[in-house]
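Have a look at the structure below, then the notes.
Every number in this text was worked out from the coordinates using simple rules, so none of it is lab data. For clarity, every value in this text was computed on a predicted model and none was experimentally measured. Virtual Cβ from ideal backbone geometry, glycine too; neighbours counted across all protein chains shown.
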Amino acid sequence: MKRFYLSLLLAASLFTVKAQSTFTITLDPTTTYQTISDFGASDCWTADYVGKYFSAAQKSQAAKWLFSQNFDSNGAPEGIGLSVWRVNIGAGSADQGSESNISDATRRTDCFLSKDGTYNWDKSSGQQYFMQQAKQYGVDNFLLFSNSAPVYFTANGLANNKNNASGANLKADSYDDFAEFLANVTAHFSENGYNIKYIDPVNEPAFNWTDGQEGSPWQNNEISKLVRELDKSLTSRNLSTQIIMPEASSLDRLYQQCSNYNGRASNQIEAFWNKTNTDTYIGDLSHVAKAVAGHDYWTFTTNDALTTTRENVAAAAAKYGLNVMQTEWSMLDAAPNAETGFPDSYENATDMDIALFMGKLIHIGMTQGNFISWSYWTAMAQSMYAQKNRFELIRLNATDDNNTYESYGNLNTGGTVTATPNLWVLGNYSRFIRPGYKRIALSGDGDINSLMGSAYVSPDGKKVVAVFVNMNAVAKGVKLAADNFSKTISSVKKYTTDATNNLTCDETITDPTLRITVPPGSVVTFTFDLDTTAGINNVKIDSAKADNGIYNLNGQKVADSADKYNSLEHGVYIINGKKLIKK
């Protein structure tokens, strides 16, 4: 009898697991959240070396992986179609060589400004190669950022804070000089056809930056002073570029006072956007973006830190009508706790484990943090010290590498590029969720240690993208609810990234209301093409009332008057408050 009851319990348990393995998902494009600006990565620091010293075949392959929006013969993306390229404006430590206080030559940078005050636009040619490639591939936005003022303007003549000062490594009379330099660089690239949407004058201002790379600490009042000068310089040149700041080293520094680094560069939303803080308020400047930028570092080792930190920054930003941009992340800090679904150590983690966790991190940023932008840190890097793929999308191997973690070669000898799972997991988002898409309501998925999903609708309402992250070691299933939305779907494609697939395309799905497998340890993107004319036989327009323009479902005006209705593409429109569907 005991064996009989045990069998019943086992059968019930198996039934429960099976029942929970399929999630019925409901998508609602009429309930929208944030509008997506872009997904991207940074060119620091090795893009200059790859662009200068790697073969044409190798560097063009890297550019294709990062920027291409094309598909191969199997229907899979050739690249991840980044929509923002974050470009470092160097401070001139490269010319100082070993005297720069930066031992790693790859972290020294050129400066476009020369000591005599002239500009040499041939500098940073490797970086400019990737900028050119990004533009040719159709990258939407460029973000210029500075780690240090040019060495001619710094207080200690270096591009970092060797003397460990508590504030900005900038001469007191050089705030306007630094601002003019940043504006001149912005103007140069804008005039050469680059959409410089954002410029960031400071980066991670809390840190001491005493050595190792270019960098400077900044007090909040110093940041405000520089931003005011930069606003003037951009205005004088009639540039549309927006200032994005403060690129805090961790998101919590944006909304609370922090004790480390003597509290420097913390509680920054209040400092910069609360009008009562007259010494630091910059919210009324015309070039300051209505957005706050921070980095995902140091706040991801537990599930609680992952969720509450991002919820808190979203709430603090919303108080002042600000969007949130996550502009830099790689897997710094201790390994995430096992409770997050990550292996118990970096040693036991695979490259796919690391990439999968990034997929979870992006999901939580989009859904809990309402991020409008998410960017990775180093697009390309060598994998040193057994770090695996914690710090790169594309792995670099120098020609004289011996393929061990103890010895790695010089990038100026050339080398090869290899795509890591990080690249393709980011591509599950970046390739399909394009600028202007809006996040929409998705319900029916699991929790953040199981199957989690987010969804987005295109500006014209004709495409919906849903991204699922399966943290489990067993497959899950999804199927769409058989509702009005599912009836509008004309075609479905599925793109899978896991241990054996790199955005592999499956075009065989005929009915999304039937179970579709999401493999274990995978990130899967579904693209739904919509037939918005389904179920509509005719359209009647009352021309006497349709005199207030034509709008799409996102509230964007697409025509000035109703008499232009016939020239519009097929879709759903609002005219004089009425929803009309044009076949």
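Numbers at a glance
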| quantity | calculated |
| --- | --- |
| Lys, Arg +1 and Asp, Glu -1 on Cβ, resulting dipole of segment 34-430 about Cα centre, debye, nearest 20 | 600 debye |
| Rounded to 5, the percent of DSSP beta bridges in segment 34-430 classed as antiparallel | 20 percent |
| Most to least packed among 118-131, 414-427, 450-463, 301-314 [average Cβ atoms within 10 Å] | 414-427, 450-463, 301-314, 118-131 |
| Percentage, to the nearest whole number, of Cα pairs in segment 269-393 over 21 Å apart | 45 percent |
| Helix-derived mean residue ellipticity, 222 nm - over the chain, DSSP H n ≥ 4, -39500 (n - 2.57), to 500 | -7500 deg cm²/dmol |
| Separation of alpha-carbon centers, segment 79-123 and segment 129-168, rounded to whole Å | 7 Å |
| Rough spin-label spacing in nm, given labels placed 7 Å along Cα→Cβ, for Thr26 and Thr416 | 5.2 nm |
| Volume per residue of the C-alpha convex hull in segment 159-198, rounded to whole Å³ | 85 Å³ |
| Pairs from Lys197/Lys438; Lys438/Lys463; Lys59/Lys115; Lys162/Lys388; Lys197/Lys290 whose Cα-Cα separation, in the structure shown, is over 21 Å | Lys59/Lys115; Lys162/Lys388 |
| Residue (of Thr302, Gln133, Thr32) at the positive-pole extreme of the chain, dipole from beta-carbon charges | Thr32 |
| Segment 20-79 - Kirkwood radius from inverse mean 1/r over Cα pairs (Å) | 15.5 Å |
| Within segment 323-414: Cβ-based charge dipole about Cα centre, in debye rounded to nearest 20 (Lys, Arg +1; Asp, Glu -1) | 300 debye |
| Cα gyration tensor shape of segment 85-199, rounded if a/c is under 1.5, else prolate or oblate by comparing a/b with b/c | prolate |
| Cα centroid separation, segment 376-436 to segment 445-464 (Å) | 28 Å |
